[in-house]
Each structure stands twice: as C-alpha cells, then as structure tokens.
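Asker: Once you've had a glance at the structure underneath, I'll fire off some questions.
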Amino acid sequence: MSDSTGETLIAVSRAAAAQYETVSAIEHVYPLIRNEAQLDRVIVGLENAPGIVLYTLVDQALAKRLETACAQFGCPCLSVLDPVLSIFQAYLGLSYTHRPGAQHVLNSDYFKRIDALNYTMMHDDGQQGQDLEGADIILVGVSRTSKTPTSIYLANRGYKTANVPLVPGILPPDGLETVKKPLVVGLVASPERIVQIRQNRLLTLNAPENSPYIDKTAVTEEIAHSRRLCARHNWPMIDVSRRSIEETAAAIIDLYRDHLRQREVQ
C-alpha cells in the first residue's frame, strides 16, 4: 500500500518473493492512499485477505491506523522507506518533508524521459533510419532479440533508443555504420531460443510452418551475420538468451556510461 504509485513496494516485494521458489505470491496493490476513506477500503481488503503488508505512507496518522489494523488481523507489516529515511536523516541532520509522491514531479528529468520515449517510439524497428545520430543508444539484432521492449525500458530511464532489425537480404540504414555519438549494441541469442520464440510468433499469425524464418540453419546464419557486423565495428554484444529485459537494460546502461567516459577523454 502506498500514498504514491506503489512502484517501490512492488519492486521490493517481488525481489523478496523471488527468493522463495516454492511460494506463489498473490499481490493486492493499493496505490494513491491519501485519506481515511481510501484507507478504509484497504483495511476491508486486508481483513478479507490477510497477509504480509508493506507500505509507504508519509502521513503518520494513516500509518498508525494501518499498523493498528494489521495488529488486529495478525498481519506483519513494515514501512519500507522508514529505515532508509532514518539513515538519510541521521547523515544529513535534516527532517524530511512528509510529501506523498515527492519523487514524481514535472521536472527536467521527467520531460527528458518523455522526450526519450517519443524518440524511441518514432525510431522503433528501423523507422527513420536517417536520424540515428540523435540517439543515445542504438540496438541492432535479428528478429526476436527483444529490441523493442528493451528500447522502451531504456526510454523510460531517459535514454533515447533506436532499434534496427537485421533482416536477411535487406541492408541496414546507411547512417548506422557511420554514427559517432550513439552507443551501438548488438543483441544476440542462441539459434534454439530464436527459433522457439519465432515458432510461437508464427502460431499466432497462422503462418506456414516451413518458413525460413524458423529454419535453424537460416537463423544460425542470421546470427553469425549480426556477429560479424558488430565485430567489424567493435560494437559490444549482449546475449539475451537467458536475460530479462531489466538485466539486459542494466548491462546496456553500464556500457553507455563507459561510452560517455571514452567520449569525454577523446
């Protein structure tokens, strides 16, 4: 339960639940709880489905009432931000503002993310290939290497991200191999993984099963071609076969920071 979007709590709870392989978690998410009437709804839900309660509430009266209800229903509860705020307060010697959703403000970082998302949507799947120099990051790879979802995730982190598919028989945009400012990253996966994903894709399209799109030999050659292209330009490559979008994006952001440092030296 949160007086803001609840994103922090969702991330923390899922990270903790993932450590218990035999447990299947059922989530009850209550965002934007900022008054007594909204809290009433939470307490009714808690009474009907008791469990561990994680919350972020800067209104101390609401927090106290929630804790009382949890004690009544026998539900363990924890204010997730309190330990972090205590450390900040002890180090800075300042009290915090008790302002709900303080991290969600219409500042320059917010508009940077919106700008990045607009750019990324306009440059998805090889669109507007003549404007690649405006990107922070360019992802290249064969079909079904998670270029689009990774691009959107990076855009939400504020990085203008274009993605360019490598399609047999079709040349990539002219500007791709001559870009100077962006970091270009190749995404690859094992042929088996690519074929599996493409087969599932074809099932939804009712496409013929003998398509070269899912032929393992053809797919292997596609991947080899992408590797040769990246090697020729010294573009880093990431194998996404067993990576989540978040893990892939974290690795790309790390590469991008190194890329910026190298550009500053030059």
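The values are calculated or read from the model by the stated rules, or taken from the named source; none is laboratory data. What you see is a predicted model; the values in this text were computed from it and never measured. We place every Cβ from the backbone using ideal geometry, glycine too, and count neighbours over all the protein chains shown.
Asker: Criterion first (more than 14 Å from Val140 (Cβ to Cβ), within 27 Å of the chain's Cα centre (by Cα), not basic (Lys, Arg) and not in a strand (DSSP E or B)) does Leu255 satisfy it?
Answerer: no
Asker: Can you spot a residue in the range 175-186 that is out of contact with any Pro (no Cβ under 8 Å at 6 or more places or on another chain), outside any strand (DSSP E or B) and over 28 Å from Glu264 (Cβ atoms)?
Answerer: no
Asker: Those residues that are in contact (Cβ under 8 Å) with a residue 60 or more places away in the chain and either in contact with a helix residue (DSSP H, G or I) (Cβ under 7 Å, 6 or more places away or on another chain) or more than 30 Å from Ala61 (Cβ to Cβ) (or both), I need them from the range 90-138; list them, please.
Answerer: Asp136, Ile137
Asker: From the set of residues in the range 157-179 that are among the polar types (S, T, N, Q) and at pLDDT 95 or above, which is farthest from Asn200 (Cα to Cα)?
Answerer: Thr161
Asker: So Asn210 ticks every box in (1) touching a helix residue (DSSP H, G or I) at 6+ places or on another chain (Cβ under 7 Å); (2) of a type outside the set (Ser, Thr, Tyr); (3) over 21 Å from Leu132 (Cα atoms); (4) not in a helix (DSSP H, G or I) but one. Which box is left unticked?
Answerer: The one condition Asn210 does not meet is (1).
Asker: Now, a different point. If I ask for residues that are small (Gly, Ala, Ser) and surrounded by 15 or more Cβ atoms within 10 Å (Cβ to Cβ), which ones from the range 238-249 would you list? Walk me through how you get there before you give the answer.
Answerer: Step one: filter the range 238-249 for residues small (Gly, Ala, Ser), giving 241, 244, 249.
Selection gives Ala249 alone.
Asker: Do we find that Leu85 is surrounded by 13 or more Cβ atoms within 10 Å (Cβ to Cβ), modelled with pLDDT under 95 and hydrophobic (A, V, I, L, M, F, W, C) in this structure?
Answerer: Yes: the conditions hold for Leu85.
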